[in-house]
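A.B. asks: Dumping the structure here so I can ask a few things about it.
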Amino acid sequence: MKKALSSLGGLVYSTDAGRMCPDCRQPLADCRCKANAAAAALAAGDGVARVSRETKGRGGKAVTVVKGVALDAVALAALGKQLKAACGTGGTVKDGVIEIQGDHIDKVMAALKAQGHTVKRAGG
């Protein structure tokens, strides 16, 4: 039975380091293999920032979501911090997506346009 489990790929997530690379078994922040580069390119999207509002899975609370911004993880975190400050709310950046608490689509779109990003409103 242990051989069957080891063939599945091993450690995927560690509470210490977060997500792990399936190829080199290092935390994604320290990964230098091709799989990480492909995942980063996929996360970057087409360079068009899509701003939408979601409530699904959040107990009815609205969250403004920004996807598709072509920035690396550090710059994306800095952009998330700027957007949270502009809206005066909290939020998070995870898996290449910026989430701002509350319905702030207009403020977020204006802030992104002021920084020179191509912005589209997604959803209804």
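A.B. asks: Which percentage, to the nearest 5, of the DSSP beta bridges contained in segment 42-124 is antiparallel?
C.D. replies: Around 70 percent of the beta bridges assigned by DSSP in segment 42-124 are antiparallel ones.
A.B. asks: What is the spin-label model distance, in nm, from Gln115 to Val97 if the labels are put 7 Å beyond Cα along the C-beta direction?
C.D. replies: Distance between label points: 1.8 nm.
A.B. asks: Looking only at segment 54-95, which residues have a backbone nitrogen under 11 Å from a spot 7 Å from the Cα of Arg19 in the C-beta direction?
C.D. replies: Residues 94-95 fall inside that zone.
Just so you know, all these numbers are worked out from the coordinates, no wet-lab data involved. From a predicted model like this one, the values you see are computed outputs, not experimental measurements. For neighbour counting, all protein chains shown are included, and Cβ atoms are generated from backbone atoms with ideal geometry for every residue, glycine included.
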